[in-house]
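The block underneath contains the structure these notes are about, expressed in C-alpha cells.
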Amino acid sequence: MEKDAALMEKIISFAKRKGFIYPGSEIYGGMAGMYDFGPYGVELLNNLKKEWWKEYVQRRDNYVGLDSAMFKDPRVWEASGHTGGFSDPLSECRKCNTRIRVDKELGKIGVTADEKMSESDLNALFDEHKAKIKCPKCGAHDFTPVRAFNLLVKTNMGDFTGTNEEPVYLPGEACQGIYLNFKNVVDTTRVKVPFGIVQIGKAFRNEISPRNFLFRTRELEQADTQFFVKPHENKEAYDRIKEERWAWYLKMGIREENLKWKQHENLVFYAKDAWDIEYNFPSYGFDELEGIHDRTDYDLTQHMKHSGTDLNYTDPFTGEKYIPWILETSVGLGRMFLAFISDAYTEDELNGEPRTVLKLSRELAPIKVAVFPLLKNKPELVAKAREVFSMLKEEMMCEWDDNGNIGKRYRRQDEIGTPACVTIDFETLEDNTVTVRDRDTGEQKRVAIADLMAALK
Ligand code: GAP
C-alpha cells in the first residue's frame, strides 16, 4: 500500500466528494475532531454495525445485545476509575501555548512513560529529557510542568442552579452501560456464565489533539463485547476471542498483510492483559484498530462497592457465588470505517481504462445494485427499468441512474463500491433478460428478470 501522506489525502477527498464523510459543522468552518457520515457513509457504517451485530447476537446463542442510556449516575465514572485515572499528561509550550502529549513526545525520543507514573515522577522524567523535545508548532524547548488532563466530557444535565457541583458526564467508554446491566440481564434472561453482552454506543473524549481523519475523534462510537467468565477461567476464552476478532476482519474482506498484533506494555488502569489489533493505515502505518482487554473482576467489583448492589453471580448448578471476570473487545467504528475504506480503495485499469474502485464485500457495499435504462428518452425502456428497480428495491439498497453513457455510469458505481449494475436494453423488451455487469471483473452476463434477485444475492 502507498504509505505516503498523499494516499490518505486522496482517501479523505474521495470520501467527501463521493458523499461518505463530511467535516463536522463545515459551513461554520469545521470543528476539530468531528465528522458527519454522508448518504453512502451512513450505509457503510450501518452495514459494519449490522455484520458485527450478526456475528454475535444472531449467530451465537451465548451473546445478547443491549442499548443503555448515555447519561449515567456520576458515581459510575468514579467507580470505573475515569474521574481519577482517565487522563492524558499535558504540557504547554511557554512561547506559543501549543499543548503537547508528554507521553507521546517522550515516546518519539525512545523514552517510555509508564501509565501508572505519579505526576511528580513524570515531571522529573520530562525535565530530564525536555531539551530533546521541540514544540511541534514553534520549535521551542520551553514547557510548563506536566498536568494530568481528564478526558471525560462534562455536561450541565440537571444543573438547574448553575453550580454544576456534581456534573453528569458523557460516557468516556461505551462499555460501562453493560456492567450496570449485568445483574438485569442475568435476572431477566436465560444466560449462564460464560456468556457475553454486546453493545454499540457512543463515547466522548476531550482528546487534546484529534488527528488523522476518523482515527482520533472527540465523539466516537464503540462496538463492544463483554464476555463474563468464571474467575481464573480467562486464558482459553481470551485466546479464542482474540482469534475470532482477527478472523472477523479477514472474513469481512480486510487483507491480512494489513493487520498486526501488539501487546500493551503499559496497561491501562483496569486491564490485566491487553492486545491491540493494529491496521496499516495509509500515511501513518500500523496503529490501534481494536483493543482486546482482560479486565478481571475490576469493573463489577468497583460497581458493587460504589453502588452497594450485590453483583455476585450464583452458579445455577453448583450454587457457587462469585464476581465474574470480564474479557472485552472494543473497537471504534470510525477507525473500523477508515480501515475498511482504505483497504478497499483501489486505483486500477479495466479494459485499458484507469478507474477508482471501492472493493468492498457485498455485505458492506452501501449500494448492492444499480439499475440503468439504456436510454432515458425511450419511455418503454424507462418503464421496464422502473419495474425492475421497484422489484429490487424491496429487498436491497438499489440506485437508479439514467444519466450519461453506460460506461460513465459503471465508473460512478465502481467508485462507491456497487458490486453489480443491471442494464435494461432493447433485448429486455423482447425476452425479459437484462445485462448484469460485475464490478471487479467487468464481466457481463444476460440474466432472466425472473432469476435476477437470486443471481444478485
Ligand atoms: N472500553 C475500552 C476502551 O474504551 P480504548 O482502548 O480506550 O478502550 C477502544 O478504546 C477502541 O475505541 C480503540 O481501539 C479505538 O478503536 C477506539 N477509540 C478510542 N479512542 C478513540 C478516539 N479518540 N477516536 C476514535 N476512536 C477511538
Residues of region 272-290 that turn out to be surrounded by fewer than 22 Cβ atoms within 10 Å (Cβ to Cβ) and near the ligand (Cβ under 9 Å from one of its atoms), as a count: 3
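Restricting to region 192-202, and then to whatever is within 16 Å of the ligand (Cβ to nearest atom) and in contact with a helix residue (DSSP H, G or I) (Cβ under 9 Å, 6 or more places away or on another chain), can you tell me which residue is most open to solvent (accessible area, probe 1.4 Å)?
Keep residues of region 192-202 that are within 16 Å of the ligand (Cβ to nearest atom), which gives 196-202.
Now restrict to residues that are in contact with a helix residue (DSSP H, G or I) (Cβ under 9 Å, 6 or more places away or on another chain): 196-201.
On the way: GLY196: 0, ILE197: 0, VAL198: 0, GLN199: 3, ILE200: 32, GLY201: 12 Å².
Selected residue: ILE200.
Among the listed residues PHE228, PHE269, identify the single one that is within 18 Å of TYR63 (Cβ to Cβ) and more than 10 Å from the ligand (Cβ to nearest atom).
Values: PHE269 fails: within 18 Å of TYR63 (Cβ to Cβ).
None of the others qualify; the one that does is PHE228.
Table: residues versus (1) farther than 25 Å from SER307 by Cβ; (2) touching a residue at least 24 places away in the same chain (Cβ under 8 Å); (3) of a type in the set (Val, Ile, Thr).
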site	(1), (2), (3)
CYS138	yes, yes, no
ILE178	no, yes, yes
ARG205	no, yes, no
ARG218	yes, yes, no
Which numbered condition in (1) more than 26 Å from SER118 (Cβ to Cβ); (2) open to solvent by less than 10 Å² (accessible area, probe 1.4 Å); (3) of a type outside the set (A, V, I, L, M) is the only one that ASP299 fails? (1)
Determine, yes or no, whether LEU381 is more than 16 Å from the ligand (Cβ to nearest atom), closer than 20 Å to LEU452 by Cβ, open to solvent by 30 Å² or more (accessible area, probe 1.4 Å) and modelled with pLDDT of 95 or more. no
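Any residue at all in region 203-214 that's closer than 30 Å to LYS16 by Cβ and more than 11 Å from the ligand (Cβ to nearest atom)?
no
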In region 75-85, how many residues are at pLDDT below 95 and in contact with a strand residue (DSSP E or B) (Cβ under 8 Å, 6 or more places away or on another chain)? 2
Given the options LYS242, LYS230, name the one that is touching a strand residue (DSSP E or B) at 6+ places or on another chain (Cβ under 6 Å), of a type in the set (D, E, K, R) and either over 20 Å from GLY334 (Cβ atoms) or surrounded by 20 or more Cβ atoms within 10 Å (Cβ to Cβ) (or both). LYS242
Tally, over region 96-107, of residues that are surrounded by fewer than 13 Cβ atoms within 10 Å (Cβ to Cβ) and under 28 Å from the mean Cα position of the chain (by Cα): 1
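Any residue in region 84-95 that is under 30 Å from THR301 (Cα atoms) and either open to solvent by 50 Å² or more (accessible area, probe 1.4 Å) or part of a helix (DSSP H, G or I) (or both)?
Here is the first cut: in region 84-95, the ones under 30 Å from THR301 (Cα atoms) are 84-89.
So of that shortlist, the ones also either open to solvent by 50 Å² or more (accessible area, probe 1.4 Å) or part of a helix (DSSP H, G or I) (or both) come out as 84-85.
Within region 84-95, one or more residues are under 30 Å from THR301 (Cα atoms) and either open to solvent by 50 Å² or more (accessible area, probe 1.4 Å) or part of a helix (DSSP H, G or I) (or both).
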Can you tell me which residue is nearest to the ligand (Cβ to nearest atom) among those in region 296-349 that are under 25 Å from VAL268 (Cβ atoms) and among the aromatic types (Phe, Trp, Tyr)? PHE337
Test for LEU375: is it modelled with pLDDT of 95 or more and more than 34 Å from the chain's Cα centre (by Cα): yes
Among the residues of region 34-52, how many are touching a strand residue (DSSP E or B) at 6+ places or on another chain (Cβ under 7 Å) and surrounded by fewer than 19 Cβ atoms within 10 Å (Cβ to Cβ)? 4
Determine if region 420-430 includes at least one residue that is in contact with a Lys or Arg (Cβ under 6 Å, 6 or more places away or on another chain), of a type in the set (Asp, Glu) and open to solvent by less than 40 Å² (accessible area, probe 1.4 Å). no
Taking GLY19 as meeting all but one of (1) surrounded by fewer than 16 Cβ atoms within 10 Å (Cβ to Cβ); (2) part of a loop (DSSP other than H, G, I, E, B), write down the number of the exception. (1)
Checking PRO316 against (1) outside any strand (DSSP E or B); (2) open to solvent by 30 Å² or more (accessible area, probe 1.4 Å); (3) farther than 23 Å from TYR63 by Cα, which test does it fail? (3)
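Give the residue, chosen from MET397, MET391, that is open to solvent by 40 Å² or more (accessible area, probe 1.4 Å), more than 26 Å from TYR345 (Cα to Cα) and touching a residue at least 60 places away in the same chain (Cβ under 8 Å). Explain how you work it out, then say what you get.
Values: MET397 fails: more than 26 Å from TYR345 (Cα to Cα).
Only one candidate qualifies: MET391.
The values are calculated or read from the model by the stated rules, or taken from the named source; none is laboratory data. Note that the coordinates shown come from a computational prediction; the quantities given were computed from them, not determined experimentally. Neighbour counts are summed over all protein chains in view; Cβ atoms, including those assigned to glycine, are modelled from backbone coordinates with ideal geometry. Ligands, DNA and RNA are excluded from the accessible area calculation, which covers all protein heavy atoms including side chains. Shrake-Rupley method; radii C 1.70, N 1.55, O 1.52, S 1.80 Å.
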